[in-house]
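Read through the structure below, which is laid out as structure tokens, and then see the notes.
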Amino acid sequence: ERLGGGSKTRKAIEAAIAAANKEDPTFLLEPPSGTRDFEPADMRVRSWLFKKMKDAAVAFSFKEYDAPVLESVALFERKAGEEITQQMYNFTDKDGERVALRPEMTPTLARLVLKNTNLATGEVRVPLPLKWFSIPQCWRFETTQRGRKREHYQWNMDIVGEKSVTAEVELLGAMCYFFRSLGLTEEDVRIRVNDRKLLDKTMKDAGVPEELFSRVCVVVDKLDKIGADGVAEMLSELGISPEPILQTLAACREDDSSLGEDVELLFDLAEAYGFREFLVFDPSVVRGLAYYTGIVFEAFDRKGELRAIAGGGRYDKLLELYGGAKCRQIPCVGFGFGDCVILELLDDKRLVPELKPEVDFVVCPFSRKEQTAVAMVASKLRESGFSVDVALSPRKARAAFDLANRAGARMVAFVAPDEWSRGLVRVKDMLHKDSTTGEAKQRDVPFSDLPNL
Ligand SMILES: Nc1ccc(Br)nc1
């Protein structure tokens, strides 16, 4: 800016600075642009969040699966102009294979189901419905000036083999169970629900060719970002008259008669399930993935300050797309739930707990002479199921207490010559003070009694 000059000049200057930085060894300290390190304190938060996701999945009897982050590009190539395929993190590997870091998990799920399907008959060899979940790291190649992330962990929940909305209700129920497990209520988050079949009817009545339905949805999904005029312009470029479609999107959200039977049944079941208050019908929700065919939904923060928290929908034709015509009878529905927006929301609401390191014992030698004894004590405690942090060098009491506090230890076991010569270990309780002295409670415990602590 100071030097002036056009963008070419500026780009040349930025390139020179970047090159200079590469000479500076410290530039290797950071991970690649758009990616994150998870040091232990960050990892405790991530593990806490993922445990909440897994607990919700298990509460709804979903089974965990996983697959390589690397997939063939062909698995994701679609012709509907979706952002997710335009930003693929793809490359040609040393075998000349066109591969990509997966941008989403749903096509991989479809691949795993089709591995278990007789493609000649469409018969799936494993009992349906499948209720599967995974928390894969997914990737996109964003240009760095967007400053956005290139990876996130996306909790995926999918039901394969059920055509009725009972499947959507289980998924939405699991999502609301997860919200509540975090301390979030319908005051904090809502889930907009729609049925693409409502828009399909409008497009059919308006004479839109069926092969354009998906592209129209990808355009309409941009409504919030580019506004009705932007959508109208993009629809016109597709040779489609925007008015009927924009009118459907603006349909009355209060008039229950316009919901369509699937949405109405979904809302009734949600009422019975006790999470109806999280749901709101919104005819403008279509989601930006071409393969959705029916109910779609997206979770958002009620203040409207953040990007979508999660999104999903029914995709009854995806397995036919990959597996061939005989697979058209394999209905699917699922959602993706990224780790970033929810953590921003939880942070805003002070709902991320303080997660300190924890260990049952610190075991500490009085001097180098007690190190073999420390090894015996640590093994005895670990065999009894305790977690043990062994002090790797001798420490006196004060330093051992500091180590124990840093490690989040419940107890400190000192191994000192006098006590050890009598088969005893001095154990101090870090969490409970002696009511009279105010000092940490301590006692000399026979080595054989350690498992009973
Ligand atoms: N699909 C996708 C992948 C990675 C990120 Br970050 N966001 C979206």
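If the segment from R443 to V352 were pulled out straight at 0.36 nm per residue, it would be longer than the present Cα-Cα gap by 29.1 nm.
Take 295-302, 226-233 and order them by the average number of nearby Cβ atoms within 10 Å per residue, most first; the result is 295-302, 226-233.
Label point of R10 set 7 angstrom out along Cα-Cβ; within segment 137-161, amide nitrogens under 19 Å from it belong to 143-148.
Put simply, when 236-242, 170-176, 83-89 are sorted by average Cβ atoms within 10 angstrom per residue, most first, you get 170-176, 83-89, 236-242.
Work out, in µm²/s and without decimals, the Stokes-Einstein translational diffusion coefficient of the chain at 10 °C, 1.306 mPa s, Rh from Kirkwood over C-alpha pairs.
Answer from the Stokes-Einstein relation: 61 µm²/s.
Across segment 301-434, the mean sequence separation of Cα contacts (distance under 8 Å, 6 or more residues apart), normalised by length, yields a relative contact order of 20 percent.
Over segment 153-303, the pair-distance histogram of Cα-Cα distances with 5 Å bins from zero comes to 2, 9, 18, 21, 19, 15, 10, 5, 1, 0 percent, rounded to whole numbers.
Which three semi-axes in whole Å describe the equivalent ellipsoid of segment 304-434, each the square root of 5 times a Cα gyration tensor eigenvalue, listed largest first?
Largest first, segment 304-434 gives 54, 22, 11 Å.
Note on S421 and K303: the model spin-label points, each 7 Å out from Cα along the C-beta direction, lie 6.5 nm apart. With N the number of residues in segment 1-152, Rg(Cα) / (2.2 N^0.38 Å) evaluates to 1.41. Would you work out if segment 37-112 is rounded, prolate or oblate? Take a ≥ b ≥ c from the square roots of the eigenvalues of the alpha-carbon gyration tensor; rounded if a/c is under 1.5, else prolate when a/b is larger than b/c, oblate otherwise. Since a/c reaches 1.5 and a/b is larger than b/c, the shape of segment 37-112 is classed as prolate. Fewest-first ordering of Y315, Y273 by other beta carbons within 10 Å of each residue's beta carbon gives Y273, Y315. Counting neighbouring beta carbons within 10 Å and listing from fewest to most, the residues E210, E104 come out as E210, E104. Give me the distance between the Cα centres of segment 51-80 and segment 402-448, rounded to whole Å. With segment 51-80 and segment 402-448 each reduced to a Cα centre, they are spaced 47 Å.
For the residue pairs K201/K303; K52/K356; K369/K441; K115/K326; K131/K317; K204/K317, the alpha carbons lie more than 23 Å apart in K201/K303; K369/K441. The helix-based estimate of mean residue ellipticity at 222 nm for the chain, built from -39,500 (n - 2.57) per DSSP H run of four or more residues and divided by its residue count, is -11000 deg cm²/dmol to the nearest 500. Principal-axis analysis of the Cα atoms of the chain puts helix 7-23 at an angle of about 30° to the longest axis.
Extending 7 Å from Cα along the Cβ direction at A67 and again at K326 yields two label points whose distance is 2.0 nm.
FRET efficiency for the A206 to F38 pair, using the beta carbon distance and R₀ = 41 Å, is estimated at 0.25. Full extension of the segment from Q145 to K163, taken as 0.36 nm per residue of separation minus the current Cα-Cα distance, would add 2.2 nm. Comparing Cα centroids, segment 114-165 and segment 175-234 end up 20 angstrom apart.
Each listed q (0.22 Å⁻¹) maps to a log10 I(q)/I(0) for segment 84-227 from the Debye sum over equal C-alpha point scatterers, namely -1.36.
Read-outs: derived from the displayed coordinates by stated rules, not from any lab. Predicted model, so just to flag it, every value in this text is computed and none were measured. FYI the Cβ positions are ideal-geometry reconstructions off the backbone, even for glycines, and counts take in every protein chain you see.
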